[in-house]
1. Would you pull out the residues with amide H under 5 Å of Leu70's amide H, same chain only if 5 or more places away, H placed 1.01 Å from N?
2. With a cut-off of 8 Å between alpha carbons and a minimum separation of six or more residues, what is the relative contact order of the stretch 5-78 in percent?
3. Would you calculate the separation in nanometres between label points at Thr27 and Leu76, each defined as 7 Å from the Cα along the Cα-to-beta-carbon direction?
4. How large is ³J(HN,Hα) for each residue in the stretch 37-47, as worked out from phi by the Karplus curve 6.51 cos²θ - 1.76 cosθ + 1.60 (θ = phi - 60°), to whole Hz, x for Gly and Pro?
5. Got a sec to turn the phi values of the stretch 9-18 into Karplus ³J(HN,Hα) couplings, 6.51 cos²θ - 1.76 cosθ + 1.60 with θ = phi - 60°, whole Hz, x for Gly and Pro?
6. With +1 on each Lys and Arg Cβ and -1 on each Asp and Glu Cβ, and nothing else charged, work out how big the dipole of the stretch 5-78 is about its Cα centre, in Debye to the nearest 20.
7. Subtract the Cα-Cα distance of Asp63 and Leu45 from 0.36 nm times their separation in residues, and report this length gain in nm to one decimal.
8. Per-residue HN-Hα couplings for the stretch 51-61, Karplus 6.51 cos²θ - 1.76 cosθ + 1.60 at θ = phi - 60°, whole Hz, x for Gly and Pro?
Amino acid sequence: MAADLAELREMIEAALPGAAVEVVDETGAGDHLRATVAAPQFGGLSRIDQHRLVKAAVKARFDDGQIHALSIRTALPAPSSAPAPSQRSDRDAPPLPRSEGAG
C-alpha cells in the first residue's frame with residue numbers, strides 16, 4: 001500500500017506548526033519518500049534531533065509499513081524580513097569605516 005503524500009505532509013505540519021513541508025515520492029512506488037521541512041522548532045537543535053522530530057511525526061506510517069524509507073532535509077525557515085539571497089547586492093552592505101588620513 002503506497003503512502004498518501006498529502007496525509008504525510010499534514011502529519012508533519014500538525015507535529016510542527018508553522019512548518020513549510022514538501023513530501024515527494026522518489027521511486028513512484030510510494031514507499032521511498034523524501035521530506036523537505038523548514039520549521040521554527042528546529043532552532044537550536046542538532047540535525048539528528050531535527051530529523052527525529054520529522055520521523056516521529058510519521059511514525060505511524062513506518063509502523064504500518066506504508067513507508068519503507070524516508071529521506072529528510074531540514075532547515076530553519078528563512079527570515080521573512082530579509083531579502084532572498086538573489087535580491088541582495090553590495091549596496092545592501094553597511095559602508096566600510098573610513099581610515100584616518102584617507103582622503
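1. Here the answer is Leu33, since their amide H atoms fall under 5 Å of that of Leu70.
2. Across the stretch 5-78, relative contact order equals 35 percent.
3. My value for the distance between the label points is 3.6 nm.
4. For the stretch 37-47, the Karplus curve yields 10, 10, 9, x, 5, 7, x, x, 9, 5, 4 Hz.
5. 4, 5, 5, 5, 4, 5, 6, 10, x, x
6. With only Lys, Arg, Asp and Glu charged at Cβ, the dipole is about 320 debye.
7. Separation in residues times 0.36 nm, less the Cα-Cα distance, equals 4.0 nm.
8. 5, 4, 4, 5, 5, 5, 5, 10, 3, 4, 6
Each value in this text was obtained by applying a stated rule to the coordinates, not by laboratory testing. Fair warning: this is a prediction, and the values are worked out from it, not measured in the lab. Here the Cβ is made from the backbone with ideal geometry for all residues, glycine too, and neighbour counts use every protein chain on show.
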